[in-house]
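Since the structure comes first, as structure tokens, the remarks are kept for the end.
The values are calculated or read from the model by the stated rules, or taken from the named source; none is laboratory data. Just so it is clear, the structure is predicted and the values come from calculations on it, not from any experiment. Ideal geometry is used to build each Cβ from the backbone, glycine not excepted, and the neighbour counts take in all protein chains shown. The accessibility values were calculated without ligands, DNA or RNA, using every heavy atom of the protein model including side chains. Shrake-Rupley method; radii C 1.70, N 1.55, O 1.52, S 1.80 Å.
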Amino acid sequence: MASSAITLLAALAAVVAVTALLPASASAASYTVGDSSGWDLGIDYGAWADGKKFRVGDTLEFLYSSGEGDHDVVVVDERSFASCSVPGNAPTFTSGDDKLSLTKAGKWFFICGVEGHCQGGMKLAVNVH
């Protein structure tokens with residue numbers, strides 16, 4: 001009996017050791033863009049993203065006032081991000097609580113498509129690993 005208990009404890013210790021070695025990123029993370037400030041004017045989204053390690057499968061949640069003309073979230077390419085322009089075919093979200101899944105590695109670009117808002121700083125670029 002004592003031998004069986006020792007074998008069982010050794011097996012459990014091995015499972016714990018292997019589990020500890022698994023990457024912490026095994027599960028997807030969810031980020032509220034801008035934290036408690038949400039998606040709004042006057043927030044430095046570059047600073048907000050600094051130090052975060054975004055991974056495929058993570059979710060970005062954009063929280064904002066969704067009244068007509070208030071804000072939206074537009075997924076754009078790098079050129080549109082730099083120029084704050086909204087291409088006609090760009091995915092646009094308007095719910096005020098948009099949860100966008102980062103489905104592939106690479107750079108992702110988001111802007112507010114309301115006139116003047118992107119130029120006012122409502123833009124976010126993230127690098128997804």
Quick test for you: out of Lys53, Lys99, pick the one residue that is out of contact with any Leu (no Cβ under 9 Å at 6 or more places or on another chain) and at pLDDT 95 or above. Lys53
Restricting to the stretch 104-122, name every residue that is crowded, with 18+ Cβ neighbours inside 10 Å, over 13 Å from Ala90 (Cβ atoms) and either within 18 Å of the chain's Cα centre (by Cα) or among the acidic types (Asp, Glu) (or both). Met122
Residue that is surrounded by the most Cβ atoms within 10 Å (Cβ to Cβ) [pool: residues in the stretch 58-93 that are of a type outside the set (Ser, Thr, Tyr) and over 16 Å from Phe109 (Cβ atoms)]: His71
Could you tell me whether any residue of the stretch 39-57 is in contact with an Asp or Glu (Cβ under 6 Å, 6 or more places away or on another chain) and open to solvent by 50 Å² or more (accessible area, probe 1.4 Å)? no
Selected residue (criterion: least open to solvent (accessible area, probe 1.4 Å)) from residues of the stretch 94-103 that are over 15 Å from the mean Cα position of the chain (by Cα) and within 23 Å of Ala28 (Cα to Cα): Gly96
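For the stretch 16-38, give me the residue count where each residue is open to solvent by 60 Å² or more (accessible area, probe 1.4 Å), at pLDDT 95 or above and closer than 14 Å to Thr59 by Cα. Spell out the reasoning first.
Taking the stretch 16-38 and keeping what is open to solvent by 60 Å² or more (accessible area, probe 1.4 Å), we get 16, 18-24, 26-28, 30, 35-37.
From the residues that got through so far, the ones that are at pLDDT 95 or above too are 30, 35-37.
So of that shortlist, the ones also closer than 14 Å to Thr59 by Cα come out as 30, 35.
The number of residues fulfilling the criteria is 2.
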